[in-house]
1. Of the conditions (1) at positive phi; (2) open to solvent by 20 Å² or more (accessible area, probe 1.4 Å), residue 284 clears all except one; give me its number.
2. Counting only residues that are at pLDDT 95 or above and within 22 Å of residue 152 (Cα to Cα), give me the strands (runs of 3 or more DSSP E) lying completely in region 175-240 with at least 2 of them.
3. Which condition number does residue 321 fail, the rest of (1) of a type outside the set (D, E, K, R); (2) over 21 Å from residue 92 (Cβ atoms); (3) away from ligand 2 (no atom under 16 Å from the Cβ) being met?
4. With respect to residue 428, is the statement that it is of a type in the set (Lys, Arg), within 12 Å of residue 333 (Cβ to Cβ) and in contact with a strand residue (DSSP E or B) (Cβ under 7 Å, 6 or more places away or on another chain) true?
5. Among the residues of region 238-252, is any touching a helix residue (DSSP H, G or I) at 6+ places or on another chain (Cβ under 7 Å), open to solvent by less than 10 Å² (accessible area, probe 1.4 Å) and within 16 Å of ligand 2 (Cβ to nearest atom)?
6. Could you say whether any residue in region 281-299 is in a strand (DSSP E or B), within 15 Å of ligand 2 (Cβ to nearest atom) and among the aliphatic types (A, V, I, L, M)?
7. What are the residues in region 207-232 that are within 25 Å of residue 250 (Cβ to Cβ) and among the hydrophobic types (A, V, I, L, M, F, W, C), if any?
8. Taking the residues in region 308-317 that are open to solvent by 20 Å² or more (accessible area, probe 1.4 Å) and in contact (Cβ under 8 Å) with a residue 40 or more places away in the chain as candidates, determine which candidate is farthest from residue 239 (Cα to Cα).
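The values are calculated or read from the model by the stated rules, or taken from the named source; none is laboratory data. No experiment lies behind these values; they were computed from the predicted model shown. Backbone-built Cβ (ideal geometry, glycine too); neighbour counts: all protein chains shown. Quick note on the areas: whole protein, heavy atoms, side chains included, nothing else; ligands and nucleic acids left out. Shrake-Rupley method; radii C 1.70, N 1.55, O 1.52, S 1.80 Å.
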Amino acid sequence: MNFLVIGSGAREHIIAQRLVDSGVSVFSVITNRNPGLIELSKEFLFIQNYRKNLKEIVSFSQVNDIACAVIGPEDPLALGLSDILLKKGIPVVGPTQQLAQIETSKGFTRDLLSANNLDVSPRYKRFNSMNGVKEFISELSGEYVVKYDGLMGGKGVKVSGEHLMSIDDGVSYCSELIKIGGTFVIEEKLHGEEFSLMSFCDGSSVEHMPAVQDHKRAYEGDIGPNTGGMGSYTDSNHSLPFLNDNDLNQAREINENVSSALKNEYETGYKGILYGGFMATSNGVKLIEYNARFGDPEAMNLLTLLDTDFASVCMGIVEGCLDSVKFRSEASVCKYIVPKGYGTKPAKDATIVVNDSYRDYSDLYYAAVNLEETGEITTTSSRAAAIISTGSNITEAEENCESGISYISGNNIFVRHDIAKPYLIQKRIDNMEKLR
Ligand code: AMP
Ligand code: GLY
């Protein structure tokens with residue numbers, strides 16, 4: 001059986017690895033020459049840009065008799081690659097363009113939640129002009145978040161007190177969005193601890209994965225610019241140390257309700273990975289955002305712990321017969337190696353040198369790097385490699401991850417070593433205790 005993996009980061013490297021582990025053949029569509037994907041793929045199609053190469057992706061799938069395509073990143077989902085492949089009879093793990101709006105339109109998601117009486121949103125309003133913007137921000141007492149209503153490479157969300165230091169800052173950001181023809185949502189700023197809960201969805205059934213916490217800020221102590229994610233961890237009980245049973249159950253229920261709401265409103269139902277980005281607050285679990293795909297780095301934690309054959313899970317999703325999905329009862333910690341300055345001004349000359357002894361402690365998945373003709377691996381301005389380890393508890397997994405990292409050397413590289421260290425986890429627990 002031939003599977004197609006679309007995307008070329010560490011998330012797609014581990015997706016391809018789990019598929020190969022399942023005994024199927026992997027073909028891939030890549031936008032950088034990821035050495036891991038190149039090694040695992042029977043054949044690959046290198047493209048510069050999804051938008052310009054949709055037709056080539058379809059022909060590549062047809063020529064290679066693809067039984068199932070797994071879409072990793074949001075861009076091809078936003079462009080409707082699932083719809084195009086489905087029309088040609090190629091089943092896809094990843095929602096259609098209409099349902100991918102759960103990620104591509106903040107307003108779509110907030111309206112879907114309210115229309116279905118899912119009371120998990122902060123106070124919000126959608127805007128397509130400056131009418132009422134200043135009034136609404138003032139009504140929220142300056143505790144607000146502005147969200148561009150579309151994909152902006154993770155840069156469309158600006159939070160008061162972090163990026164917008166006054167009501168006037170908010171108003172001027174909104175007028176910038178109006179100038180570029182954008183619409184946006186303004187919502188109340190929530191306080192609490194963020195976590196992700198991803199679920200496999202086959203259109204009707206929903207199978208939850210363990211809860212994960214990502215670290216979006218670039219530097220230790222959760223400071224600096226937002227990034228794609230610097231690292232993530234899961235706990236052996238599939239919850240997180242700062243969550244109670246109620247929080248986890250609420251998040252699971254929200255994903256289940258959203259999958260049903262999408263099934264009721266749109267015939268096909270949602271087939272793919274439903275990624276809920278939640279915040280545990282003093283007032284229960286609230287939804288920050290949905291994504292229509294696996295999180296990255298979270299995919300490293302989840303697919304490492306997956307204890308059910310991944311190709312069968314994918315076929316269950318596309319055929320609408322998803323069975324129970326199991327995960328090992330272990331903790332996991334993933335940390336990314338990135339070029340110094342990633343998030344603002346990434347070093348152009350970062351290098352990584354991998355000593356294979358890392359394998360005694362960790363697995364490594366390549367991200368935005370390129371295998372050159374000389375055999376050398378060069379970095380780009382984005383994340384370079386994810387190191388993932390497991391252990392019987394978070395501390396053991398974190399120590400294994402650091403041991404793995406110690407075998408990776410190079411120039412101008414950076415790792416957030418504080419991720420999953422006991423003091424950072426305690427800070428999260430204390431924060432939640434204070435808020436509850
Ligand atoms: P995103 O780029 O959509 O992942 O959002 C970036 C970050 O903005 C999230 O991870 C949160 O930290 C923050 N954020 C988004 N919405 C809210 C909210 N309503 N209250 C507080 N923080 C938020
Ligand atoms: N981990 C954040 C994301 O995948 O969007």
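1. (2)
2. Counting at least 2 such residues, we get 184-188, 193-202, 217-219.
3. All conditions are met except number (2).
4. no
5. No, region 238-252 contains no residue that is touching a helix residue (DSSP H, G or I) at 6+ places or on another chain (Cβ under 7 Å), open to solvent by less than 10 Å² (accessible area, probe 1.4 Å) and within 16 Å of ligand 2 (Cβ to nearest atom).
6. yes
7. Within region 207-232, 209, 211, 212 meet the criteria.
8. Step by step, filter region 308-317, then rank; the result is 315.
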